[in-house]
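*Asks:* One structure is given below, represented as structure tokens, and several questions about it will come after.
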Amino acid sequence: MEEWKNPNQVTVSDLIHTLQKLKPESIVLNGQEENIRVYPGKENKPGGKEIVMLC
């Protein structure tokens, strides 16, 4: 399996671009081969950026 390492911050757009290369029925797992958890939200500070945490 190809590993995607990026030293910079990854945007949702970057992630979508990568995921579009895969079959829609592909399964998404975390590093322990378990289903991922998705946490969309904002940074917890005034004027915080919108973020998505994948675990």
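Read-outs throughout are calculated quantities, based only on the coordinates presented, and are distinct from any laboratory measurement. Not measured: the values here are computed from a predicted model. As a convention, Cβ positions derive from the backbone with ideal geometry for all residues, glycine included, and neighbour counts pool all protein chains shown.
*Asks:* Conditions: (1) surrounded by fewer than 10 Cβ atoms within 10 Å (Cβ to Cβ); (2) in a loop (DSSP other than H, G, I, E, B). Ile16 meets all but one. Number of the miss?
*Replies:* (2)
*Asks:* Going through Glu43, Glu25, Glu34, Glu2 one at a time, which residue ends up being acidic (Asp, Glu), surrounded by 10 or more Cβ atoms within 10 Å (Cβ to Cβ) and more than 10 Å from the chain's Cα centre (by Cα)?
*Replies:* Glu43
*Asks:* Continuing with this model, one more query. Considering only the stretch 27-55, state which residues are among the hydrophobic types (A, V, I, L, M, F, W, C) and in contact with a strand residue (DSSP E or B) (Cβ under 8 Å, 6 or more places away or on another chain).
*Replies:* Across the stretch 27-55, the qualifying residues are Val28, Leu29, Ile36, Val38, Ile51, Val52, Met53, Leu54, Cys55.
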